[in-house]
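**Student:** I have a structure I would like to understand better, so I am pasting it below and will then ask my questions one at a time.
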Amino acid sequence: MIITTSDIQQTMREVTAGIGADRTFVLCDVNTRQKCLPRLVLSSRTSGFPGFSGQLISIPAGDDNKNIDTLTLVWRALSEQGATRHSLLINLGGGVVTDIGGFAAASFKRGIRYINIPTTLLAMVDAATGGKTGINFAGLKNEVGAFHQPEHVVLCAAFLASLDKENLLSGMAEMMKHILIGHDTDAVAQMETLADTLADFQASGARQDEVARLVRHSVGIKERIVAQDPTEKGIRKALNLGHTLGHAIESLLLEKHTPVLHGYAVAWGMIGELYLSHVQTGLGVDVLRGATRLLSELYGPCPIGCNDYDRLYALMLHDKKNTSADAVRFVLLAAPGDIRLDCTAPREMIFEALDFIRER
Ligand SMILES: NC(=O)c1ccc[n+]([C@@H]2O[C@H](COP(=O)([O-])OP(=O)(O)OC[C@H]3O[C@@H](n4cnc5c(N)ncnc54)[C@H](O)[C@@H]3O)[C@@H](O)[C@H]2O)c1
């Protein structure tokens, strides 16, 4: 189901032939249409692979557009261009395209098949796999959606060549998280190797094969966890390491009109949650020091002050995913790979964790 390739056209010819859809549509956003589509099909008018006759659906880019209007645009295009229950949708883009395209596929004619070809690092290691699809609604992230698994996720590292440094770093934060939850030995050394490899790739395009290998390994950790718990009743919550504090930081900065990319907020959130892991569940000081030093070097200072703590705490309490009764819940580590779900921490200790993030 997850396929890694360096020849995207050949792989897609084989994969779509295996599916045998009556019509094949490609969904992209304005950026992936320009930067990624040419790697997939030679021209939007030629048949690049079986069933595809240039039926492109193009949507505006960015999370602001992951909304009902854009979803309607996709439904309308599918309907007007004659999609049936036996048609196939190929999502070519970052997490916005895979989330919205996945939800369009889940809902159109009560569900059609789809393939994700993620083109950002974040989508490759996270958003495109696991079957969570959806849109933002009424000011709330991912408020409406469905679980609908793609037929395949096709990973091709060549798409990353046109991605900017900030988006590479954003995706790398989720890879760091996968190392921390998936590896019981050498986690910090592996985080360092990952950072070095991506820095070389970003600077000169070197080590693309190594990037492809690291991406496949990283998404494999998510894949194994999702297979055990597809609808997040238990172990899938491990993927939320760094996300309780991270989501609150992301929301606060959005409120202040100084938004940051998701992975930056997760990286800062992980720094705080590794501190909580040290205090609450006995994470060793060497891992705490090594991992938080690297994360703060890579992602820089977190732009919050102590005046923000009350608002951040209120945001954590309002995040339904992270609360039980009146307590904020965290995923913590006793050691890398030794995961503790549904941990709680008192307000004062959460504020200490925020101090720790600011002092890095
Ligand atoms: N479903 C899930 O499990 C899951 C998990 C994590 C995140 N998400 C969602 O993913 C979204 C974020 O994903 P993202 O970070 O990929 O953002 P994105 O899709 O907005 O992509 C970031 C930017 O990069 C551009 N882009 C994409 N590929 C490119 C390429 N190869 N070269 C140049 N530019 C390119 C896009 O057009 C966009 O402007 C959020 O909506 C988030 O909620 C979903």
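Derivation of every value follows stated rules applied to the coordinates shown; laboratory data play no part. In this text, all values refer to a predicted model and were calculated from it rather than measured experimentally. All Cβ positions, glycine included, derive from the backbone under ideal geometry; neighbour counts span all protein chains shown.
**Student:** Kindly write out, for the stretch 326-342 in residue order, the coupling ³J(HN,Hα) from the Karplus curve 6.51 cos²θ - 1.76 cosθ + 1.60 (θ = phi - 60°), rounded to whole Hz, with x marking Gly and Pro.
**Tutor:** The phi angles translate into 9, 10, 8, 9, 10, 9, 10, 10, 7, 6, x, x, 10, 9, 10, 8, 6 Hz.
**Student:** I would also like to ask the following. Suppose we look only past 22 Å in the calculated P(r) of the stretch 81-210. What percent of the Cα-Cα pairs does that tail hold?
**Tutor:** Percent of Cα pairs beyond 22 Å in the stretch 81-210: 44.
**Student:** Next question. At 222 nm, what value in deg cm²/dmol follows for the chain if DSSP H runs of at least 4 each add -39500 (n - 2.57) and the sum is divided by all its residues, to the nearest 500?
**Tutor:** Helix-only estimate at 222 nm: -15500 deg cm²/dmol.
**Student:** Need the list of aspartates and glutamates near residue 66 for cross-linking: C-alpha distance under 16 angstrom, and skip anything on the same chain fewer than eight residues off.
**Tutor:** Cross-link targets: 29, 99, 143.
**Student:** Answer with one residue from 190, 205, 218: the one whose Cα lies farthest towards the positive end of the charge dipole of the stretch 181-359, charges on Cβ with Lys, Arg +1 and Asp, Glu -1.
**Tutor:** The Cα lying farthest towards the positive end belongs to 218.
**Student:** Run the Debye formula on the Cα coordinates of the chain, all scatterers equal and no solvent, and tell me log10 I(q)/I(0) at q = 0.09, 0.15 1/Å.
**Tutor:** -0.49, -1.29
**Student:** So, with +1 on the Cβ of K and R and -1 on the Cβ of D and E, and no other charges, what is the size of the charge dipole of the stretch 49-132 about its Cα centre, to the nearest 20 debye?
**Tutor:** Its charge dipole is roughly 420 debye.
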